[in-house]
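Notes for the one structure printed next.
The values are calculated or read from the model by the stated rules, or taken from the named source; none is laboratory data. These numbers were taken from a predicted model, which means no experiment stands behind them. Positions of Cβ are backbone-derived with ideal geometry, glycine not excepted, and every protein chain shown enters the neighbour counts.
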Amino acid sequence: RVQLVESGGGSVRAGGSLRLSCEARGYIASRYCMGWFRQAPGKEREGVATIYSGTFAPWYPDSVKGRFTISQDNAKNMLYLQMNSLKPEDTAMYYCAALSYDDRGCAFRTDFHYWGHGTQVTVSS
């Protein structure tokens, strides 16, 4: 059984920073993808960062590239998302997700297997 628990959300002003944390409990797979996604009311869910356990090469969409950084600490079973230079359009519920690796890779997909319950990020102008 896999459980993902997010924390670190909150309210900040534009230009500020937040670091989100995700604790992964349980065995995912020998190879896996981890990712952060967000969804605002009336908007489609979108991936903001993913990483593959084999190479640790991250993927980011253009909307957050250069501002967000995904990282992990395997010894502590933790995944992080450092968010800098936050903008009001970053306001959303942020979710941690995990996926057993397959030949489709980790980027450009939203069909991850395991999801946390989310943490709210609100950025005021």
- Message: Can you find, within the range 44-60, the residue that is surrounded by the most Cβ atoms within 10 Å (Cβ to Cβ) among those that are free of Cβ contacts under 8 Å to residues at least 60 places away in the same chain and small (Gly, Ala, Ser)?
- Response: Ala49
- Query: Does Arg31 satisfy being of a type in the set (Lys, Arg), within 18 Å of Val2 (Cα to Cα) and touching a residue at least 60 places away in the same chain (Cβ under 8 Å)?
  - Reply: yes
- For the range 43-82, name all the residues that are at positive phi and at pLDDT below 95. Phe56, Asn77
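Condition check ((1) free of Cβ contacts under 8 Å to residues at least 12 places away in the same chain; (2) under 12 Å from the mean Cα position of the chain (by Cα); (3) exposed (fewer than 13 other Cβ atoms within 10 Å of the Cβ)) across all residues:
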{"position": "Asp62", "(1), (2), (3)": "yes, no, yes"}
{"position": "Thr69", "(1), (2), (3)": "no, yes, no"}
{"position": "Asp73", "(1), (2), (3)": "yes, no, yes"}
{"position": "Asn77", "(1), (2), (3)": "no, no, no"}
{"position": "Met83", "(1), (2), (3)": "no, yes, no"}
{"position": "Pro88", "(1), (2), (3)": "no, no, yes"}
{"position": "Met93", "(1), (2), (3)": "no, yes, no"}
{"position": "Leu99", "(1), (2), (3)": "no, no, no"}
{"position": "Arg109", "(1), (2), (3)": "no, no, no"}
